[in-house]
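Contents: one structure, followed by commentary.
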Amino acid sequence: MTIFAVACAGMYPILHMGRPWLAYWLLPYPNTMSLFPQFRSPLLWDVFAVSTYATVSALFWFVGLIPDLATLRDRAQNPVARMIFGMLSLGWRGAASHWHRYETACLLLAGLSTPLVLSVHTVVSFDFTIGIIPGWHATIFPPYFVAGAIYAGFAMVLIISIPLRVVCRLEDFITEKHLTNMASIMLATGLIVCFGYAMEAFFAYYSGNLYERFMLVNRMFGQYGWAYWCLLLCNFLAPQVLWFKKFRTSPFWLFVVSLIVSVGMWLERFVIIVTSLANDFLPSSWGQYIPTRWDFATFLGTIGLFVSLLFLFLRFLPMISMYEMRSLLPAAKVNGGKGAHGGGHA
Amino acid sequence: MSPTDLARLDLRAPEAWAQSRRKALVVGGVATALMAVGFFLNREQFLRSWLLGWMFWVGLGLGCLGLLMLQYLTGGAWGMVIRRLLEAGTRTIWLLAVLGLPIFIGVKVLYVWAQPEHMDEVLRAKAGYLNVPFFLARAAVYFGLWIGLTTLLNKWSTSLDEPSVHYAVEKKIKTLAGPGLCLFILSVAFAAIDWVMSLEPHWFSTIFGLMWLISLVLTAHSFTIAVLYFLTQRGRPMGVLVNKHHFHDLAKLLFAFVMVWAYFSFSQYLIIWSGNLPEEITWYVTRLSHGWEWFGVSLLVFQFAVPFLLLMPRSFNFNASLVLKIAGLILVMRLVDLFWMTAPAFHPKALSIHWMDFVAPVAIGGWWVSEYLRQLATRPLLMVGASGLEEALQHGGH
């Protein structure tokens, strides 16, 4: 999911530049035209944050697949498939030395990925905060964006995994306990996001600043007021049902809440981006944002790309790590607890 | 070790600590007497220093409450062994409310927004929030909430001292801890705005509440590590029960808190620096000139870089005495950080350190530590009947 989402996300800035064939200008490459990126701009940090994130996520994903790819190779009937899986599994034989290095590599990559999740969303929040428009320039943005990302991410995982476990009969692997734990994380991160809304609203007042105060009133009662109230309904009110065990343990209700949260997170971006830009400091530059068909096409297109990539993955590669499941079996515990332990870490 | 075996162990705080309590009282008394002299010499400075010391110890008491509720929610072996230490910390909040009286009485001397002669357009615009009656009412609500939470949590947990299973009680505590933590976070954020941020009433930063939150968690966690370390020395019963894996977990958590603190601080600095708006940047301009910058640099080095590097290697985390030293360093730096946040508000044009800045934290600390030790002695150091205690004590022993 991460990799497919990054692939989709990466398309936006590139398309946004207007001349996507010149995207490489973003990179600080040696050149004779004295074109060099502005290193103090978070937009440039974005280039590095996103590409690092994509690289490490891809590596983490691929390394995690290696033992399973070897299993697929061993079981493949079709010689072409056997050859492809054989190349991808990098000569994995399951030797003790392989496992030893493998576990170290997984641990290191997991350690690297965690701060990267923070850095990538933090840099996105810097993109906004460096613009001094009211509604964008708030110091709480970094943690608030990171929490929002985890919130939306878990909602999306639930949206995908709840139907999947029914269709593919994975109830024994993706158990209710997993779903309940994800629900708790959603509730916690959702509350952090709502804390962010509360702080933004309070500080718009507390700043005593005309423009900040106008931003808040405009958000609530301006031309896009509906979006703000829907946002609060989706991201604040709806997930409060997760306080109750009945909703946390019911896949149906979790699915519904996750859908609502996904809509809410879309609305959040809409509120932040559109309301602040539509009514900034100068009334002469005020306007109303009306999405063109290209806006819709880009959005629908990336959703299509995401879903296609995801389905291709589900079709050709194991959606649940086979070797991790093996190590969780009771027999694995009897023969050697080490495997199970390492699997748990990876 | 089964719950019945545990019940036979002597799980009280060491006898010798009663002596330390008396010492703390003497130190607190002497320092308070000095502060009383200071009050007649320089009333303004008395309040400024008192605020510094009070904020430090308030952070400690509140951090204990926050960590305790967090622990009830998440569980984990690290917290089973420090629950009672945190609980003792929460039972000092009433004393902190009393020690805050000078601030509440002296609000008109301490805070610019409460002085009519300093009123301007911006301050008038926010007078609906920053006015003396509302300020005092809010403080009463905060302390009411904190003391209420403390009372309930402490009342219910007494039944966990008997070696039998109390699922109903544990469920009750957990049910309170969730909403309690939400209210706690909100109240702490607003308390930070009231007591520290409003010293410079024109300045604002939306992350400030979160920064204060992580600061007090950092303070309470470091302090608790130190207390646990001394409780496990010299063959005391806790030393048999608490092993190096518990310290390892606590050290990892400390590492995480240090990183979160650095993350928030850096984010705030970078955003304000890059925005460079006059109403925001002044806070940093003051704090990064006239000698105040050395405090900022020392925070970067001793509250982030040194603990970060020392807590990174796994083997260092198992070294309890090293973790103790790092925790001690962080506690000192917490005070430096508070000084750096508050003092430049009063002396923007020159570095100024007063003798009362050293005495006030000691005065309040003396009273606080003695109350903490008194509270610690009133209950066993472990909740013998808490479910999962056995597993928690076997931590790392498989």
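The values are calculated or read from the model by the stated rules, or taken from the named source; none is laboratory data. Nothing here was measured: the structure is a model prediction, and the numbers come from that model. Neighbour counts run over all protein chains shown; Cβ positions are idealised from the backbone, glycine included. With ligands, DNA and RNA removed, areas are computed over all heavy atoms of the protein, side chains included. Shrake-Rupley method; radii C 1.70, N 1.55, O 1.52, S 1.80 Å.
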Fill in: Assigned charges on the beta-carbon of Lys, Arg, Asp, Glu; chain A dipole about Cα centre (debye)
860 debye
Discussion item. Rounded, prolate or oblate, given the Cα gyration tensor of the protein assembly as shown, with a/c below 1.5 counting as rounded?
Written reply: oblate
Worksheet item: Using a probe of 1.4 angstrom, how much of the accessible area of chain B is carbon and sulfur, in percent?
Response: 69 percent
Fill in: Surface per residue (accessible, 1.4 Å probe) for chain A, Å²
55 Å²
Worksheet entry | Cα-Cα over 21 Å, subset of A:K245/B:K171; B:K172/B:K244; B:K126/B:K349; B:K155/B:K244; A:K246/B:K172 | B:K172/B:K244; B:K126/B:K349; B:K155/B:K244
Fill in: Kirkwood hydrodynamic radius (C-alpha pairs) into Stokes-Einstein, segment A:134-280, 37 °C and 0.692 mPa s, D in µm²/s
204 µm²/s
Worksheet item: Averaged across the residues of A:189-202, what count of C-beta atoms belonging to other chains lies within 10 Å of each residue's C-beta?
Response: 3
Discussion item. As a test of the formula, what do you get for chain B when each DSSP H run with n ≥ 4 contributes -39,500 (n - 2.57) and the sum is divided by the residue count, at 222 nm and rounded to the nearest 500 deg cm²/dmol?
Written reply: -23500 deg cm²/dmol
Practice prompt. Divide by every residue of chain A the summed helix terms, -39500 (n - 2.57) for each DSSP H run of at least 4, and state the resulting mean residue ellipticity at 222 nm, rounded to the nearest 500 deg cm²/dmol.
Written response: -23500 deg cm²/dmol
Item to complete: Take each complete run of DSSP H in chain A, measure how far its Cα atoms stretch along the helix's own axis, and keep only those covering 20 Å or more with mean Kyte-Doolittle hydropathy at least 1.6; list them.
Response: A:141-167
Practice prompt. Grab the beta carbon distance between A:F173 and B:K108, set R0 = 51 Å, and tell me the FRET efficiency rounded to 0.05.
Written response: 0.20
Worksheet, complete the sentence: Once Lys and Arg are counted +1 and Asp and Glu -1 for all other residues with Cβ under 15 Å from that of A:L164, the total becomes 0
Discussion item. Suppose every Lys and Arg Cβ carries +1 and every Asp and Glu Cβ carries -1, with no other charges. What dipole size does chain B come out with about its Cα centre, to the nearest 20 debye?
Written reply: 800 debye
Response to the item:
Quick calc, B:N42 & A:I3: beta-carbon distance into FRET formula, R0 51 Å, rounding 0.05, result 0.20
Worksheet, complete the sentence: Filtering trypsin sites (Lys or Arg not before Pro) in segment B:143-244 by DSSP loop and by at most 14 other Cβ atoms within 10 Å leaves B:R234
Item to complete: Could you let me know the centre-to-centre spacing of segment B:250-325 and segment A:157-219, using Cα atoms, in angstrom?
Response: 28 Å
Worksheet entry | Selection of trypsin sites (Lys or Arg not before Pro), segment B:275-345, meeting DSSP coil and at most 12 other Cβ within 10 Å | none
Worksheet item: Expressed as an acute angle from 0 to 90° and rounded to the nearest 10, what is the orientation of the C-alpha long axis of helix B:355-377 relative to the principal long axis of chain B?
Response: 30 degrees
Worksheet item: To the nearest 10 degrees, how steep is helix B:17-41 against the longest Cα principal axis of chain B, on a 0 to 90 scale?
Response: 10 degrees
Fill in: Most mobile listed residue (B:A226, B:A77, B:A18) in chain B, GNM with C-alpha springs under 10 Å
B:A18
Worksheet entry | Net length gained if the chain between B:L70 and B:E117 were fully extended (0.36 nm per residue, minus Cα distance) | 12.5 nm
Worksheet item: Where only protein heavy atoms count, and the probe is 1.4 Å, what is the accessible area per residue for chain B in Å²?
Response: 40 Å²
Practice prompt. Run down the aspartates and glutamates and flag those whose C-alpha is under 15 Å from the C-alpha of B:K108, throwing out any fewer than 8 positions away in its chain.
Written response: B:E44, B:E117, B:D194, B:E200
Practice prompt. Please work out the C-alpha center-to-center distance from segment B:151-187 to segment B:11-73 and express it in whole Å.
Written response: 26 Å
Discussion item. Could you identify which residue out of B:P116, B:P179, B:P14 has the top mean-square fluctuation in a GNM of chain B using Cα springs shorter than 10 Å?
Written reply: B:P116
Worksheet item: Relative to the longest principal axis of chain B, what angle (0 to 90°, nearest 10) does the C-alpha long axis of helix B:278-287 take?
Response: 70 degrees
Worksheet, complete the sentence: For the A:I303, B:L9 Cβ pair and Förster radius 56 Å, calculated FRET efficiency rounded to 0.05 is 0.40
Worksheet entry | Residue-span extension gain [B:N131 to B:T175] - 0.36 nm each, minus C-alpha spacing | 12.3 nm
Practice prompt. Express the carbon and sulfur contribution to the solvent-accessible surface of segment A:103-185 as a percent, rounded to the nearest whole number, probe 1.4 angstrom.
Written response: 75 percent
Fill in: Loss of accessible area when B meets A, both sides summed, Å² nearest 100, probe 1.4 Å
2800 Å²
